[in-house]
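K.L.:
Below is the structure I would like to discuss, written out as structure tokens.
The values are calculated or read from the model by the stated rules, or taken from the named source; none is laboratory data. Everything quoted here is computed from the prediction, not taken from an experiment. Here the Cβ positions follow ideal geometry from the backbone for every residue, glycine too, while neighbour counts run over all protein chains shown.
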Amino acid sequence: MLVISEDNCIKCKKCESVCPVEGIDIDNKSVAKDCIKCYHCSAICPRKAIGDRHTTGHTSQNNIQPYDFELLMQQRRSHRIFSTQEVAPAILKEFVEHMRFSPTASNLQSLRFTVITNKNKLKEVNDLTIQTISKAYRSINWVTKPLIALLKGKAALKKMEQSKRKFMRKAESRNDMICYNAPALIVIHSENIPVGMPCHDAGIWTGMATLYAELLNLSSCINGYIVNAAQRNSKIKEVLHIPGNNEIYSTILIGYPKLKYENRVDRPIPKLRFIAE
Ligand SMILES: Cc1cc2nc3c(=O)[nH]c(=O)nc-3n(C[C@H](O)[C@H](O)[C@H](O)COP(=O)(O)O)c2cc1C
């Protein structure tokens, strides 16, 4: 519950100006019920006159230079070969806890995290995902192809067939093709809430987590196959003890790198448009 201290408040009203729900009225010393608890008011107040137990102190200025961040982004790569070294549960716990500053739509903070380090469970997720995706790909066959071409177009069907071929080929040669024998998997899920954007929250969390992992000398690989398989097969949530009313929005494999990517590889400049007039 936000409290406004009459003694400290100098009525500069910076808090009013930054409140995203326009919920603060300094003259009437009131905070609207639909406060989303983002604490922008506490973060901006020069006198610490508004806040609650979440107001902890000053932020310290980071000294990360833009170039450092660019390098970090270039250094991050998806790792699919992990060292056999385990990641301590305390490190994984701290990792998820430190990541709580990742933003969420309307500050809903609905994301939940399930961390799997049990080798048998990881294998079960790996195998179930392969089975589920293979089954889905097998449904692209001579019977369904004309319908897919009609509904989605010939180009889409061609791409789907390419993906099918790639997946099936890899599944035959690498039975660890989903979890890559990584020592840990973080599953990001949320209750399927009618408001908010948990899917995007999870994507943003995941992107930030891959960079944070890099700084901790951990390596990561985002895994979309598990997300896709979990949408098709409820058994995946069952084996992970994820409640039925939760949706899996993202997963990320975490471990220590076995290999180091030494070279910088460029990427095409993205297509960019300005609408200035
Ligand atoms: C949403 C998303 C889903 C992904 N799913 C998988 C996956 O299931 N398996 C995998 O090996 N890599 C997966 N990746 C990793 C991409 O293949 C990888 O990011 C891309 O090839 C670029 O390589 P880089 O991450 O090393 O820059 C995924 C990446 C993203 C962003």
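K.L.:
Enumerate the pairs (first residue in the range 78-99 and touching a residue at least 12 places away in the same chain (Cβ under 8 Å); second residue anywhere and basic (Lys, Arg)) with beta-carbon separation below 8 Å, excluding pairs fewer than 6 apart on the same chain, so at least 6 apart or on different chains.
P.N.:
Hits for this filter: HIS79/LYS258; ILE81/LYS258; PHE82/LYS258; SER83/LYS258.
K.L.:
Any residue in the range 68-91 that is within 16 Å of the ligand (Cβ to nearest atom) and either of a type in the set (Phe, Trp, Tyr) or farther than 30 Å from TYR256 by Cα (or both)?
P.N.:
yes
K.L.:
Pairs please, first residue from the range 219-237 and more than 10 Å from the ligand (Cβ to nearest atom), second anywhere and assigned to a helix (DSSP H, G or I) and hydroxyl-bearing (Ser, Thr, Tyr), Cβ atoms under 8 Å, 6+ apart in sequence or on different chains.
P.N.:
Close Cβ pairs satisfying both conditions: ARG232/THR132; ASN233/THR132; ILE236/THR129; ILE236/THR132.
K.L.:
Collect the residues in the range 40-89 that are in contact with a Leu (Cβ under 8 Å, 6 or more places away or on another chain), in a loop (DSSP other than H, G, I, E, B) and closer than 30 Å to THR251 by Cβ, keeping them in residue-number order.
P.N.:
Listed by number, the residues that qualify are ARG76, HIS79, ILE81, VAL87.
K.L.:
Might you let me know whether the range 200-207 holds any residue that is surrounded by 11 or more Cβ atoms within 10 Å (Cβ to Cβ), more than 13 Å from the ligand (Cβ to nearest atom), of a type outside the set (Phe, Trp, Tyr) and more than 24 Å from GLN85 (Cβ to Cβ)?
P.N.:
The answer is yes, given that some residue of the range 200-207 is surrounded by 11 or more Cβ atoms within 10 Å (Cβ to Cβ), more than 13 Å from the ligand (Cβ to nearest atom), of a type outside the set (Phe, Trp, Tyr) and more than 24 Å from GLN85 (Cβ to Cβ).
K.L.:
For residues in the range 167-194 being of a type in the set (Val, Ile, Thr) and more than 22 Å from LYS93 (Cβ to Cβ), which is surrounded by the fewest Cβ atoms within 10 Å (Cβ to Cβ)?
P.N.:
Within the range 167-194, the match that is surrounded by the fewest Cβ atoms within 10 Å (Cβ to Cβ) is ILE193.
K.L.:
From the list TYR67, TYR39, which residue is without any contact (Cβ under 8 Å) to a residue 12 or more places away in the chain and among the hydroxyl-bearing types (Ser, Thr, Tyr)?
P.N.:
That would be TYR67, the only listed residue that is without any contact (Cβ under 8 Å) to a residue 12 or more places away in the chain and among the hydroxyl-bearing types (Ser, Thr, Tyr).
K.L.:
Scan the range 6-63 residue by residue and report those that are aliphatic (A, V, I, L, M) and either surrounded by fewer than 10 Cβ atoms within 10 Å (Cβ to Cβ) or in contact with an Asp or Glu (Cβ under 7 Å, 6 or more places away or on another chain) (or both).
P.N.:
Once the filter is applied, which keeps residues that are aliphatic (A, V, I, L, M) and either surrounded by fewer than 10 Cβ atoms within 10 Å (Cβ to Cβ) or in contact with an Asp or Glu (Cβ under 7 Å, 6 or more places away or on another chain) (or both), the range 6-63 yields VAL21, ILE24, ILE26.
K.L.:
Which of the numbered conditions does VAL187 fail, given that it passes all the others? Conditions: (1) closer than 20 Å to THR84 by Cα; (2) within 23 Å of the chain's Cα centre (by Cα).
P.N.:
(1)
K.L.:
Next question. Report yes if some residue within the range 195-202 is within 22 Å of ASN126 (Cα to Cα), in the same structural domain as GLU86 (by TED's automatic domain parsing) and in contact with a Gly (Cβ under 9 Å, 6 or more places away or on another chain); otherwise report no.
P.N.:
No: the range 195-202 contains no residue that is within 22 Å of ASN126 (Cα to Cα), in the same structural domain as GLU86 (by TED's automatic domain parsing) and in contact with a Gly (Cβ under 9 Å, 6 or more places away or on another chain).
K.L.:
Tally up the residues in the range 156-199 that are β-branched (Val, Ile, Thr) and at pLDDT below 95, please.
P.N.:
2
K.L.:
Name the residues in the range 1-19 that are at pLDDT below 95 and over 8 Å from ILE50 (Cβ atoms), would you?
P.N.:
MET1, GLU6, ASP7, ASN8
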